[in-house]
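The values are calculated or read from the model by the stated rules, or taken from the named source; none is laboratory data. The shown structure was predicted, so the numbers you read here are calculated from the model rather than taken from an experiment. Here Cβ is always computed from backbone atoms with ideal geometry, including for glycine, and neighbour counts include all displayed protein chains. Only protein heavy atoms, including side chains, enter the accessible area calculation; ligands, DNA and RNA are left aside. Shrake-Rupley method; radii C 1.70, N 1.55, O 1.52, S 1.80 Å.
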Amino acid sequence: MVLDYAIGFGVGNLFKTCNCGQFMKLELRKLIHERKTRICHVPVYACQACKKYELLPLIKPDLLRYLASISNESRRISVSFADVNESAYVLREVFRTYVDDSMVELQSRCMEAFDDRINMLLDLFRYAQNMGDDDWMRQMEGRLEQLSAIKSLIPENSGHYSR
């Protein structure tokens, strides 16, 4: 497993306690599936003490669908989960630009990034609606649902982030 970037939520619904009693942080990790597929930027809970990790429950259904969609692939592939999941995309983009800012600043940037992405997708949804493109509208709805679910878990007043 390769740790790309990490962000810990010390307060709120993203806070998780490991079976060993230590705090778990939300991190973007590289997962290897069936020794042939490398999937980068997958949000997981990770314990810094015992090294246990588990998928973020909101991400698991999307990851399982994605794995099913590539199950017939016979060659080795390397992909970014951020290319197929909106929440992973936003987190990856925030972490890419995080350069030792204060914890409060990082939290603010996460909230702003989620809000900006939601606004962009709403604009695309309205455009698709004006065009009468039902398939595109459904796609935008799915992407908005992914973002809304995880954004609702980010605590507004927590400064417990780490890299």
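In this structure, is TYR45 in a strand (DSSP E or B), among the hydroxyl-bearing types (Ser, Thr, Tyr) and either open to solvent by less than 80 Å² (accessible area, probe 1.4 Å) or under 26 Å from GLU93 (Cβ atoms) (or both)?
On the way: in a strand (DSSP E or B): yes; among the hydroxyl-bearing types (Ser, Thr, Tyr): yes; either open to solvent by less than 80 Å² (accessible area, probe 1.4 Å) or under 26 Å from GLU93 (Cβ atoms) (or both): yes.
For TYR45, the condition - in a strand (DSSP E or B), among the hydroxyl-bearing types (Ser, Thr, Tyr) and either open to solvent by less than 80 Å² (accessible area, probe 1.4 Å) or under 26 Å from GLU93 (Cβ atoms) (or both) - is met.
Please verify whether the stretch 74-83 includes one or more residues that are within 9 Å of the chain's Cα centre (by Cα), open to solvent by less than 20 Å² (accessible area, probe 1.4 Å) and over 27 Å from GLN22 (Cβ atoms). Working first, answer last.
Of all residues in the stretch 74-83, those within 9 Å of the chain's Cα centre (by Cα) come to 81-82.
Among the residues that remain, those that are also open to solvent by less than 20 Å² (accessible area, probe 1.4 Å) are: 81-82.
Filter once more, so that each one left must be over 27 Å from GLN22 (Cβ atoms): 82.
The answer is yes; a qualifying residue exists.
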Task: Selection count, the stretch 58-81, where residues are in contact (Cβ under 8 Å) with a residue 12 or more places away in the chain, of a type outside the set (Asp, Glu) and more than 15 Å from ILE32 (Cα to Cα) - done: 2
TODO: May I ask you to list pairs of residues, at least six apart or on different chains, whose Cβ atoms are under 6 Å apart, with the first in the stretch 21-37 being within 30 Å of SER74 (Cβ to Cβ) and the second being open to solvent by less than 90 Å² (accessible area, probe 1.4 Å) and among the acidic types (Asp, Glu)?
DONE: LEU28/ASP4
Open item on the list: Just to be sure before I move on: is CYS40 surrounded by fewer than 19 Cβ atoms within 10 Å (Cβ to Cβ), modelled with pLDDT of 90 or more and touching a helix residue (DSSP H, G or I) at 6+ places or on another chain (Cβ under 7 Å) in the structure I sent?
Closed with: yes
